[in-house]
Amino acid sequence: MRRKQFLQVGSGAIALFVFDRICQDAVRAQEFLSVPPNSRREKVCSQVLTGQIDRIMRDGIASEVQLLRLLRINNAPLNLYGDLPNIYREEAEIEGVNYDIAFCQMCLETGFLQFDGDVKPEQNNFGGIGATGNGARGDSFSDRRIGVRAQIQHLKAYATTKPLVLPLVDLRFSLIKRGTAPLLSQLSGKWAEDVNYDKKIMSILRRLYELSGFF
């Protein structure tokens, strides 16, 4: 290979490496969102066609940057919660839970992190666990990662009978009849009394995928 060609290839590789590092920093990458690769788009289309898009126990598809963009356009306080996309992806992947669904559920439960309901920010309760209405504030967790972990564990309890990978932090885990809601549509009447609970989460999920260029 000629020296000029080598330098051109090397420069391209360096540029891709730098861009990848920038995108890993979700807060700094808000304006670097690109069209998703065909493989991701095809995964979404396949899941829609096979009726798998609302299955709780499967891989998430959105990137951390795309999750962050969903928060940003809904005026979430990113200065306080810019690390949540990373936490959700890490915690959900450990337990095999779809972090796209878990994240969108959080957006619904917290009003895109505005916490204008019974649950307050200091509780780190992103899934509204134990918040049954009429002023019941629900459970509290020591930090945001443990709060996310509790939500993931709560989802896993409903979705499957498989054992947890990480130590139990969801104090209401044992109250759930395991494996009774493998689909998002089956959470209504279980996680929340609202008969449209699943539809509200699905609406946010579809918005996430539209913003990500999957539809």
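The values are calculated or read from the model by the stated rules, or taken from the named source; none is laboratory data. Fair warning: this is a prediction, and the values are worked out from it, not measured in the lab. FYI the Cβ positions are ideal-geometry reconstructions off the backbone, even for glycines, and counts take in every protein chain you see.
Of all residues being under 20 Å from Leu113 (Cβ atoms) and modelled with pLDDT of 95 or more in segment 192-201, which is surrounded by the most Cβ atoms within 10 Å (Cβ to Cβ)? Just the residue, please.
Step by step, filter segment 192-201, then rank; the result is Ile201.
Filter segment 156-171 down to residues that are part of a helix (DSSP H, G or I) and either within 12 Å of Glu91 (Cα to Cα) or small (Gly, Ala, Ser) (or both), then give me how many there are. Quick ask: steps written out before the conclusion?
At the first step, the residues of segment 156-171 found to be part of a helix (DSSP H, G or I) are 156-159.
Next, only the ones that are either within 12 Å of Glu91 (Cα to Cα) or small (Gly, Ala, Ser) (or both) stay: 156-157, 159.
Of the residues in that region, 3 qualify.
Do you know which residues across segment 172-200 are touching a residue at least 60 places away in the same chain (Cβ under 8 Å), assigned to a helix (DSSP H, G or I) and closer than 14 Å to Lys156 by Cβ?
Hit for segment 172-200 is Leu184, nothing else.
So Gly138 ticks every box in (1) of a type outside the set (Asp, Glu); (2) surrounded by 16 or more Cβ atoms within 10 Å (Cβ to Cβ); (3) more than 16 Å from the chain's Cα centre (by Cα); (4) modelled with pLDDT of 95 or more but one. Which box is left unticked?
Going through the list (1) of a type outside the set (Asp, Glu); (2) surrounded by 16 or more Cβ atoms within 10 Å (Cβ to Cβ); (3) more than 16 Å from the chain's Cα centre (by Cα); (4) modelled with pLDDT of 95 or more, Gly138 breaks only (4).
So how many residues does segment 55-92 have that are polar (S, T, N, Q) and either under 13 Å from the mean Cα position of the chain (by Cα) or outside the structural domain of Asp143 (by TED's automatic domain parsing) (or both)? Steps first, answer last, please.
First pass over segment 55-92, keeping only residues polar (S, T, N, Q): 63, 66, 74-75, 79, 86.
Then keep just the ones that are either under 13 Å from the mean Cα position of the chain (by Cα) or outside the structural domain of Asp143 (by TED's automatic domain parsing) (or both); that gives 63, 66, 86.
Summing the residues that are polar (S, T, N, Q) and either under 13 Å from the mean Cα position of the chain (by Cα) or outside the structural domain of Asp143 (by TED's automatic domain parsing) (or both) in segment 55-92 gives 3.
For segment 83-92, does any single residue satisfy the condition of being modelled with pLDDT of 90 or more, surrounded by fewer than 22 Cβ atoms within 10 Å (Cβ to Cβ) and over 20 Å from Ala159 (Cβ atoms)?
yes
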